[in-house]
1. Restricting to segment 352-380, what's the tally of residues that are touching a Leu at 6+ places or on another chain (Cβ under 7 Å) and under 14 Å from G127 (Cβ atoms)?
2. Of everything in segment 386-415, what is assigned to a helix (DSSP H, G or I) and open to solvent by 10 Å² or more (accessible area, probe 1.4 Å)? Give them in sequence order.
3. Could you tell me whether segment 184-197 includes any residue that is polar (S, T, N, Q) and either open to solvent by 40 Å² or more (accessible area, probe 1.4 Å) or modelled with pLDDT of 80 or more (or both)?
4. Sort out which residues of segment 361-385 are open to solvent by less than 40 Å² (accessible area, probe 1.4 Å) and hydroxyl-bearing (S, T, Y), and write them in order of number.
5. Here is a list: L258, L326. Which entry is touching a strand residue (DSSP E or B) at 6+ places or on another chain (Cβ under 6 Å), open to solvent by less than 20 Å² (accessible area, probe 1.4 Å) and under 26 Å from S52 (Cα atoms)?
6. What strands (runs of 3 or more DSSP E) lie completely within segment 19-113 and have 2 or more residues being crowded, with 16+ Cβ neighbours inside 10 Å and at pLDDT 50 or above?
7. Collect the residues in segment 203-226 that are surrounded by 11 or more Cβ atoms within 10 Å (Cβ to Cβ) and of a type in the set (D, E), keeping them in residue-number order.
8. Could you list, in sequence order, all residues of segment 283-328 that are basic (K, R) and more than 19 Å from A121 (Cα to Cα)?
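The values are calculated or read from the model by the stated rules, or taken from the named source; none is laboratory data. Just so it is clear, the model here is predicted, and its values are computed rather than measured. When we count neighbours, we look across all protein chains shown, and the Cβ atoms used for this are built from the backbone with ideal geometry, even at glycine. What goes into the accessible areas is simple: the full protein's heavy atoms, side chains included, and nothing from ligands, DNA or RNA. Shrake-Rupley method; radii C 1.70, N 1.55, O 1.52, S 1.80 Å.
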Amino acid sequence: MTSQSTRPSPEPCCAEFAAVSRRGLFSGAVALAGATTFVGSAAVTTSASAGSPAPAVLVVVSLRGAADGLSLVVPHADPAYHRARPSIAVPTDRLLARDATFGLHPELAPLLPMWTAGTLAAVHATGLPAPNRSHFAAMEAVEDADPGSAARSGWLNRLIGTTSGSSPLQGFNLAGGVTPTSLYGPAPTMSAGSVDDVQLPGEDDGDHGRRRRSLRTLWDHDRSALARGMRSTYAAVDEFGPAKAAADHSSSYPKTDLGGALAEVARAIRGNVGIEVVTVDHGDWDMHSGMGSAERGWMVDNARELAGAIAAFFGDLGDQADKVTLVTISEFGRRVVENASQGLDHGYGNVMFVAGAGVKGGRYYGTWPGLGTGDDADVLVTTDYRSVLAEIVAKRFGASTAKVFPRFSPESVGVMTSL
């Protein structure tokens, strides 16, 4: 079943997020050399290192539209939760992996084996250091992760810049999509319409190398930045060959946008061509009205799609699984109290899932702030989202958190093990 099949209302989102459609989102971002693959409502952007295998891979799944963390990881022991949500609350007896405080939405069942195996964790009450209820502004702030700075670089680009063997793929852009803010910056990133589409435009089997020779004649002796980018592109296309040769396992994924996107990501990773970070956008989660009940509706569909795709992804990584970590993030959370339209308006704190390599899973992290039931009640943020990300980049990449998150002093979350 796909997310469209039972969704009660396809157009309940706010005007701002309606403008942030899956393509509008990228057209509103800063343009640069980058790679974006669109698979339905999911979008994938990759950056690749110099063709040598990467020791660690980070996949960032952005839940666009501001997911409701209180539905995905339910604070069942908080007395305000059920009072605030008379028609949309998830009953306690239906929760999965329930401890004294929290439980997982029942549609996250495909992830339960990972939770039990200790490779999936949740960190609650995370978010920006100050509330920002604008989709555009909050996305920019989350992905820039350097408030107050005039530097135009995202945190993933800064992470790439700390690793050895920086990418030769700067300027590579086949799909025409715009790289998300998190990947924007001086480190080159790779563009691809899909794994099979990674090639020089106009170059195919019937070309007999004429296209490549022509481009080399034009650019090989040019010393400009554009020419350097072209030469890097030749190398990148050639180095991407193992990824194109990797088997397509998309048939083993749910037939959803996110399933298709993560199947592409897994194939590229199995190619072992040096990909270090991958971003995947999935939306929309902007459920102002008609989000449904615990049994059916929009939230049920989205939770099912999210869990099914992630579970299939980790089952498809083969010998690369021990180096892949996945984290989910959303620009902000939703209000505590449901509105008159059986939906939730823009809020503040949220939950982050961390899965895969290096995760101390099977438990919930973070300091629970308690919920209010006023009309404007929010989930207060007790863990800056950068602390979660800093722990991942430090433990998995050995990167300097001061370089990736300037002027930020991360607090220990404890969700990651060492390398």
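1. The qualifying residues number 2.
2. Within segment 386-415, the subset assigned to a helix (DSSP H, G or I) is 386-397, 401-404.
Hits for segment 386-415 are R386, E391, A394, K395, R396, F397, T401, A402, K403.
3. So the first thing to find is which residues in segment 184-197 are polar (S, T, N, Q), and the list is 189, 191, 194.
Right, trim to either open to solvent by 40 Å² or more (accessible area, probe 1.4 Å) or modelled with pLDDT of 80 or more (or both) and you get none.
Among the residues of segment 184-197, not one is polar (S, T, N, Q) and either open to solvent by 40 Å² or more (accessible area, probe 1.4 Å) or modelled with pLDDT of 80 or more (or both), which makes the answer no.
4. Hits for segment 361-385 are Y364, Y365, T383, Y385.
5. Numbers: L258 fails: under 26 Å from S52 (Cα atoms).
None of the other options fit; the residue is L326.
6. It comes to 42-48, 57-63.
7. Passing the criteria: E203, D207, D220, D222.
8. Of the residues in segment 283-328, the ones basic (K, R) are 296, 304, 323.
Residue satisfying the conditions is R296 alone.
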